[in-house]
1. I need to check one value: relative contact order of the chain, counting alpha carbon pairs closer than 8 Å and at least 6 residues apart, in percent.
2. Enumerate the calculated ³J(HN,Hα) couplings along the range 121-126 in order (Karplus 6.51 cos²θ - 1.76 cosθ + 1.60, θ = phi - 60°), each rounded to whole Hz, writing x wherever the residue is Gly or Pro.
3. Tell me the mean residue ellipticity at 222 nm calculated for the chain from its helices only (DSSP H runs of n ≥ 4, each -39500 (n - 2.57), averaged over every residue, nearest 500).
4. In Å², and per residue, what accessible area does the range 100-244 have when probed at 1.4 Å with the other protein chains present?
5. How much net charge surrounds residue 197 when only other residues with a Cβ under 12 Å from its Cβ are counted (Lys, Arg +1; Asp, Glu -1)?
6. From the convex hull of the Cα coordinates of the range 10-81, what is the mean projected area in square nanometres?
7. Using amide H atoms built in the peptide plane, which far-off residues or other-chain residues are under 5 Å from residue 43 H to H?
8. Size of the range 153-232 along its principal axes in angstrom, Cα-based, largest extent first?
Amino acid sequence: ALLMKGIDSLGFIINDPKTINEQNLSVLLEGIDPEGAEINFLSNGKAREIIASLKDILQKKGYHPSSLRGAVEADPLGRLMANGTLCIPVKDGLDYLASLTRETAALPLYRNLQINGSHFTNSGCSAVQELAFSFSMAVEYLSQLTDRGLTADDIASKIRFSFGTGTDYFMEIAKLRAARIIWDVIADSYQPHDRNNFRMEIHSLTKIWTDNVADPYINMLRTQTEAMSAILGGTDSLTVNPFDIAA
């Protein structure tokens with residue numbers, strides 16, 4: 001129903017990684033044309049299994065791998081920052097991410113490394129701090145994964161930034177525009193073979209930090225202006241959180 005109404009970026013949140021297998025994903029994606037909409041996954045694990053299943057499903061349905069757009073989230077440093085721990089050593093998490101990036105290379109328009117700047121903004125960071133911490137994390141990934149044999153072009157082409165969008169209307173517009181300028185400066189230092197590999201892809205989420213719990217209906221006005229500033233700032237995709245998500 002959403003796709004028929006014009007949605008061109010669709011996201012699935014999978015809370016139980018045990019349910020991830022090719023059969024379930026095939027049922028989930030039945031009737032969805034990958035050429036018509038992005039297909040994104042937010043999961044608590046098994047990103048590699050998602051990528052492998054997507055490749056098999058595309059092959060069986062006769063789609064070319066280049067037709068699939070979207071992202072699957074893999075962000076070990078973000079999880080470490082948010083939870084204070086990982087289920088595996090950090091080194092192993094980065095090894096896994098490098099391996100996943102190599103496997104995702106078969107899907108040229110699909111991204112597997114998400115920088116969750118929204119974690120920072122929903123912890124009370126300012127727009128400047130969110131950008132600083134997000135780019136610091138992105139550069140750390142570039143450093144760690146190039147040490148594991150990947151090129152900067154390979155890595156950057158698989159990064160998607162996810163920023164939280166707050167109620168400071170003009171500042172949020174400026175933040176996304178500034179983000180692209182900063183990413184261009186970072187790209188210069190890596191001297192990419194193809195500048196298009198460093199094209200910045202941005203997802204935006206409306207902010208939870210400032211949501212009103214006592215009067216959730218006021219959040220409808222807040223998310224409206226937050227969504228508008230993200231769009232005017234040039235976001236590639238957008239999630240508008242439910243008005244009562246903080247209740």
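The values are calculated or read from the model by the stated rules, or taken from the named source; none is laboratory data. In this text, all values refer to a predicted model and were calculated from it rather than measured experimentally. Every residue, glycine as well, gets a Cβ built from its backbone with ideal geometry; the counts of neighbours run over all protein chains shown. With ligands, DNA and RNA removed, areas are computed over all heavy atoms of the protein, side chains included. Shrake-Rupley method; radii C 1.70, N 1.55, O 1.52, S 1.80 Å.
1. 15 percent
2. 5, 7, 9, x, 6, 7
3. Taking each H run of at least 4 residues, the total per residue is -14000 deg cm²/dmol.
4. Counting only protein heavy atoms, the per-residue value for the range 100-244 is 45 Å².
5. It works out to a net charge of 0.
6. 4.8 nm²
7. 14, 73
8. Computed over the Cα atoms, the extents are 52, 21, 16 Å.
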